[in-house]
Amino acid sequence: MRPRLVTKFGGTSLADKAAWLQTLSVLESRKDKNPVVVVSAVGSIPGRRKVTDLLLDMMDSEEPEEARSALESLHRDLLSDLELPSDLLDDLFQQLREDIAKCQKPPTAEDRDRVVRYGESFSATMMSQMLTQRGWTSKVGWPADLGMTSTDKFGDADLLEDSLEQMAKAVIAANSVLVVPGFIAQSEDGRPTTLGRGGSDYTAAAFGAALKR
């Protein structure tokens with residue numbers, strides 16, 4: 001069924017249990033519109049830093065293990081609070097550790113994109129699972145599956161005009177509500193890219209433009 005709404009939820013809307021439940025309430029009220037759901041990385045709350053900043057610290061800090069521990073603990077606490085499977089993100093945590101190990105010193109712009117994309121990937125995985133547990137048919141819409149192809153200007157990429165048609169076709173053909181990690185795409189040769197800070201807004205706008213075509 002063709003989506004009739006693109007929704008986007010920023011980090012503040014995913015910062016803690018209360019925010020997640022409010023976001024779910026908003027989505028439930030719009031379920032009949034078969035929304036495309038675009039999510040950001042978990043935001044900050046007093047005494048806790050943004051996920052994206054923790055990811056950057058894992059590459060730049062002199063104590064990367066401290067940032068990694070804080071990042072994983074933050075998400076494990078949310079999994080518990082939201083009654084999601086405790087091992088839901090384990091594969092992504094492992095992939096992140098492997099990608100950190102591949103980073104140059106200092107990390108390149110390409111290294112940074114490969115790492116910071118995990119914030120939105122965690123959120124999308126959690127949101128899709130939450131919707132599924134509430135009776136929705138949902139899955140994560142990864143850039144490779146949706147044809148989200150961008151330039152290779154790492155850190156500030158632009159989606160290619162030709163990709164909009166592929167994105168629309170992929171969304172319309174889906175038999176489930178798609179939860180899309182905002183902010184991230186991939187280059188023509190399949191390397192992870194990001195659309196710049198605030199890129200989740202860009203992602204949502206791009207899907208709106210694609211579907212209107």
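The values are calculated or read from the model by the stated rules, or taken from the named source; none is laboratory data. Worth saying up front: this structure is predicted, and the values here are computed from it rather than measured. Reconstructed Cβ throughout: ideal geometry from the backbone, glycine too, with neighbour counts over all protein chains shown. Protein only, heavy atoms only, side chains kept; ligands, DNA and RNA dropped before computing areas. Shrake-Rupley method; radii C 1.70, N 1.55, O 1.52, S 1.80 Å.
Going by the structure shown, is D57 open to solvent by 20 Å² or more (accessible area, probe 1.4 Å), in contact with a helix residue (DSSP H, G or I) (Cβ under 6 Å, 6 or more places away or on another chain), without any contact (Cβ under 8 Å) to a residue 40 or more places away in the chain and assigned to a helix (DSSP H, G or I)?
On the way: open to solvent by 20 Å² or more (accessible area, probe 1.4 Å): yes; in contact with a helix residue (DSSP H, G or I) (Cβ under 6 Å, 6 or more places away or on another chain): yes; without any contact (Cβ under 8 Å) to a residue 40 or more places away in the chain: yes; assigned to a helix (DSSP H, G or I): yes.
When the stated conditions are applied, D57 passes them.
Rundown of residues vs (1) surrounded by fewer than 22 Cβ atoms within 10 Å (Cβ to Cβ); (2) out of contact with any helix residue (DSSP H, G or I) (no Cβ under 7 Å at 6 or more places or on another chain); (3) at positive phi; (4) modelled with pLDDT of 95 or more, yes/no style:
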{"position": "E110", "(1), (2), (3), (4)": "yes, yes, no, yes"}
{"position": "R117", "(1), (2), (3), (4)": "no, yes, no, yes"}
{"position": "Q129", "(1), (2), (3), (4)": "yes, yes, no, yes"}
{"position": "T132", "(1), (2), (3), (4)": "yes, yes, no, yes"}
{"position": "V140", "(1), (2), (3), (4)": "yes, no, no, yes"}
{"position": "A157", "(1), (2), (3), (4)": "no, yes, no, yes"}
{"position": "M167", "(1), (2), (3), (4)": "no, no, no, yes"}
Can you confirm whether R97 is surrounded by fewer than 18 Cβ atoms within 10 Å (Cβ to Cβ), in a helix (DSSP H, G or I), under 18 Å from the mean Cα position of the chain (by Cα) and basic (K, R)?
yes
Could you list all residues from region 80-94 that are surrounded by 13 or more Cβ atoms within 10 Å (Cβ to Cβ) and within 16 Å of the chain's Cα centre (by Cα)?
L88, L89, L92, F93
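Only residues that are in a helix (DSSP H, G or I) and more than 15 Å from the chain's Cα centre (by Cα): list them for region 31-52, please.
Just the residues of region 31-52 that are in a helix (DSSP H, G or I), to begin with: 31-33, 51-52.
Answer for region 31-52, where residues must be in a helix (DSSP H, G or I) and more than 15 Å from the chain's Cα centre (by Cα): K31, D32, K33.
Just a yes or no: is a residue in region 147-155 in a helix (DSSP H, G or I), open to solvent by less than 10 Å² (accessible area, probe 1.4 Å) and in contact with a strand residue (DSSP E or B) (Cβ under 9 Å, 6 or more places away or on another chain)?
Residues of region 147-155 that are in a helix (DSSP H, G or I), as a first pass: none.
No, every residue in region 147-155 fails to be in a helix (DSSP H, G or I), open to solvent by less than 10 Å² (accessible area, probe 1.4 Å) and in contact with a strand residue (DSSP E or B) (Cβ under 9 Å, 6 or more places away or on another chain).
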Within region 173-213, of all residues that are aromatic (F, W, Y) and open to solvent by 10 Å² or more (accessible area, probe 1.4 Å), the one farthest from the chain's Cα centre (by Cα) is Y202
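From the set of residues in region 100-139 that are in a helix (DSSP H, G or I) and free of Cβ contacts under 8 Å to residues at least 24 places away in the same chain, which is farthest from L82 (Cα to Cα)? I'd like the intermediate steps shown before the answer.
Going residue by residue through region 100-139, those that are in a helix (DSSP H, G or I) are 100-102, 109-116, 118-133.
Next cut, free of Cβ contacts under 8 Å to residues at least 24 places away in the same chain only: 101-102, 132.
Working: A101: 31, K102: 32, T132: 13 Å.
Filtering region 100-139 for residues that are in a helix (DSSP H, G or I) and free of Cβ contacts under 8 Å to residues at least 24 places away in the same chain, the one farthest from L82 (Cα to Cα) comes out as K102.
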Contact list, first residue from region 191-204 and under 19 Å from D145 (Cα atoms), second anywhere and among the hydroxyl-bearing types (S, T, Y), beta-carbon distance below 6 Å, six or more apart or interchain, is T193/S150; T193/S187; L195/Y202; S200/S40
For region 10-52 the number of residues that are open to solvent by less than 70 Å² (accessible area, probe 1.4 Å), of a type outside the set (S, T, Y) and in contact (Cβ under 8 Å) with a residue 40 or more places away in the chain is 16
